Structures are given as C-alpha cells and as structure tokens.
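Q: Have a look at this one.
The values are calculated or read from the model by the stated rules, or taken from the named source; none is laboratory data. Please read these numbers as outputs of a predicted model, since none were measured by experiment. Cβ placement follows ideal geometry from the backbone for every residue including glycine, while neighbour counts extend to all protein chains displayed. Just so you know, the surface numbers come from the protein's heavy atoms only, side chains and all, with ligands and any DNA or RNA stripped out. Shrake-Rupley method; radii C 1.70, N 1.55, O 1.52, S 1.80 Å.
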Amino acid sequence: MRGIKDKVTIITGSAQGIGKGIATCFAKEGAVLIVADINEEAAKATAKELEGFGCKAEAYKINLCENDEIEAMMAYVAQKYGRIDILVNNAGIQIREWATDFPIEKLDFLMNLNLRAYYLCSRVAARYMKEQEGGGSIVCTSSANSSCFTSKRSPYNISKAAVNGLAATFGVEWGRFGIRINAVAPGYVMTDMVRQGIAEGNIKPDKIMQVIPMKRFLDVEEIGNAVMFLASDDASGITGQTLFVDGGWSKCGLPEGPDGP
C-alpha cells in the first residue's frame with residue numbers, strides 16, 4: 001500500500017494477538033516498527049520475528065496507564081527516527097463480570113488501558129505530527145462490541161464505543177493539521193486466546209456463528225490489512241471513521257441457524 005514503506009510506526013500491544021498480526025502486515029510492507037508492549041520479552045521476540053521480513057523493528061517496554069511513560073516513548077521515537085508517521089492504538093483488555101458486581105479497581109484499569117491510554121497516546125503523537133511535514137495517521141483498535149453489546153462486558157463495550165467517538169472527535173479537530181485518525185472494529189478473530197477458549201469450552205463457535213453472516217472467524221491479517229489501509233496514503237481522504245471488520249456481525253438482526261432465521 002502507498003505510504004507504508006519506511007514509515008515510522010508505533011503499535012501498542014503488538015507483542016501478540018491482533019496487535020502482532022497488525023505489526024506483521026506493516027512489516028511485510030517495509031515499515032519501521034516499534035513494538036510497544038508491557039511484556040518486554042514477548043515484544044523482543046516479536047520484533048526479531050518481524051525483522052525476518054526485511055524491515056527495521058525494535059521492542060519498547062511501556063506501561064500505557066502511565067502518562068510519563070507515554071511521553072517518554074514518543075520523545076524517544078521522535079528523537080531516534082526524526083518523526084512519528086503512524087500510531088496504532090491497539091493495547092486493550094476485556095474483563096467479564098456483571099456490572100452490578102464489577103470491582104472498581106478493575107473498572108479503572110480497563111478504562112485506563114482501553115480508552116485513557118488511546119487518548120493520551122494520540123494527543124502526544126499528534127504534537128509531533130503537527131510539526132512535521134506530511135502530518136501523520138493514527139488508527140485505533142475498536143471492536144464490534146462498540147455496536148453489538150453483550151452482557152457481562154459493560155466496561156469493555158463502553159470503552160470501545162468511546163474509542164469510536166475519540167476517532168471521530170480527533171478527526172474533526174486535527175484534520176486541519178494533516179493528521180488523520182480512524183478506528184477499526186474487529187469481530188471474532190481467531191487468535192491464540194480464542195483457540196484456548198474454544199479448547200477449554202468457554203467459547204462456543206456454533207453459537208457465535210449464529211450471529212456471523214460470513215459463518216467463520218476472521219484472521220488477524222484481515223484486521224491488519226484494514227488497519228494498514230486506513231494508515232496508508234490510499235485512505236488519504238478518510239478521517240474520523242470506524243471501519244467494522246466483523247464478518248457482518250454488526251449488521252445481523254437475529255441469530256440464525258444453518259438455513260436462515
């Protein structure tokens with residue numbers, strides 16, 4: 001895709017899962033990658049793996065709940081590489097519990113990581129993007145749960161709906177500076193965590209497929225390609241938008257059996 005090769009790209013939560021899939025797509029296009037993750041060893045292993053595609057990649061350990069660490073990471077990348085071209089806000093967590101019983105400390109942690117960190121990372125990166133030629137692009141990982149709400153996930157659902165609003169708001173505010181910001185909302189993606197959930201019986205594919213028109217799980221590469229498109233020059237006229245990559249889940253009105261409703 002146009003505008004990815006050699007672009008300095010920070011991807012949070014990219015040591016594994018969907019984040020690693022996103023980073024892999026960027027690596028194949030020749031981006032310069034910063035694998036930002038709290039799991040330093042996993043981040044180093046991923047960065048080494050990404051370099052196998054012929055790109056530059058390095059791991060960066062960060063606690064995204066700490067603003068000082070976000071400021072330090074952005075300053076480090078800008079000083080070392082001379083600019084920040086692309087930021088992908090991807091790190092996040094899901095905690096399942098009834099809203100009436102959700103522990104306050106877990107609520108605060110989830111909101112800090114899933115929403116506050118996106119706000120802080122975006123605004124700090126934007127300060128550098130405003131001052132550099134060509135501006136920059138930010139893409140946030142949202143979720144189909146920002147539109148299709150499920151029980152026992154209330155903070156997660158709310159945080160992801162807010163991410164869509166964050167992308168829209170910053171898209172309006174920063175478009176004049178040449179900074180685009182969008183979101184990608186994945187549906188059910190086949191990650192190692194999902195595979196484990198299926199094996200343990202906690203995730204039931206037959207039930208899930210009743211609300212997925214395409215009748216399959218998505219691959220991480222399908223999410224990565226969508227993120228890369230929105231970050232690339234091919235999407236130069238797009239900002240403030242949320243792209244649902246969910247196999248049609250967000251448009252499915254009723255659960256379906258094998259032959260229809």
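Q: Please state which of the following conditions GLU200 fails to meet, knowing it meets all the rest: (1) at pLDDT below 95; (2) crowded, with 17+ Cβ neighbours inside 10 Å.
A: (2)
Q: Given the residues TYR188, TYR156, which is the only one that is open to solvent by 40 Å² or more (accessible area, probe 1.4 Å) and touching a residue at least 12 places away in the same chain (Cβ under 8 Å)?
A: Details: TYR156 fails: open to solvent by 40 Å² or more (accessible area, probe 1.4 Å).
Criteria check complete, one pass: TYR188.
Q: Can you find a residue in the stretch 7-23 that is open to solvent by 10 Å² or more (accessible area, probe 1.4 Å), within 18 Å of LEU115 (Cα to Cα), touching a residue at least 24 places away in the same chain (Cβ under 8 Å) and charged (D, E, K, R)?
A: So far as the stretch 7-23 goes, no, none of its residues is open to solvent by 10 Å² or more (accessible area, probe 1.4 Å), within 18 Å of LEU115 (Cα to Cα), touching a residue at least 24 places away in the same chain (Cβ under 8 Å) and charged (D, E, K, R).
Q: Criterion first (surrounded by 14 or more Cβ atoms within 10 Å (Cβ to Cβ), in contact (Cβ under 8 Å) with a residue 12 or more places away in the chain and of a type in the set (Asp, Glu)) does ASP234 satisfy it?
A: Details: surrounded by 14 or more Cβ atoms within 10 Å (Cβ to Cβ): yes; in contact (Cβ under 8 Å) with a residue 12 or more places away in the chain: yes; of a type in the set (Asp, Glu): yes.
Yes: the conditions hold for ASP234.
Q: Check ALA117, ALA125, ALA99 and return the single one that is crowded, with 22+ Cβ neighbours inside 10 Å and over 14 Å from the mean Cα position of the chain (by Cα).
A: Values: ALA117 fails: over 14 Å from the mean Cα position of the chain (by Cα); ALA99 fails: crowded, with 22+ Cβ neighbours inside 10 Å.
ALA125 is the lone residue from the list that is crowded, with 22+ Cβ neighbours inside 10 Å and over 14 Å from the mean Cα position of the chain (by Cα).
Q: What are the residues in the stretch 217-261 that are of a type outside the set (Gly, Ala, Ser) and modelled with pLDDT under 95, if any?
A: Filtering the stretch 217-261 for residues of a type outside the set (Gly, Ala, Ser) gives 217-223, 225, 227-230, 233-234, 238-239, 241-246, 249, 251-252, 254-256, 258-259, 261.
If the condition is that a residue be of a type outside the set (Gly, Ala, Ser) and modelled with pLDDT under 95, then TRP249, LYS251, CYS252, LEU254, PRO255, GLU256, PRO258, ASP259, PRO261 are the ones that fit.
Q: Evaluate the following for VAL163: is it hydrophobic (A, V, I, L, M, F, W, C), surrounded by fewer than 17 Cβ atoms within 10 Å (Cβ to Cβ) and not in a loop (DSSP other than H, G, I, E, B)? It would help to see each step written out before you state the result.
A: Working: hydrophobic (A, V, I, L, M, F, W, C): yes; surrounded by fewer than 17 Cβ atoms within 10 Å (Cβ to Cβ): no; not in a loop (DSSP other than H, G, I, E, B): yes.
When the stated conditions are applied, VAL163 does not pass them.
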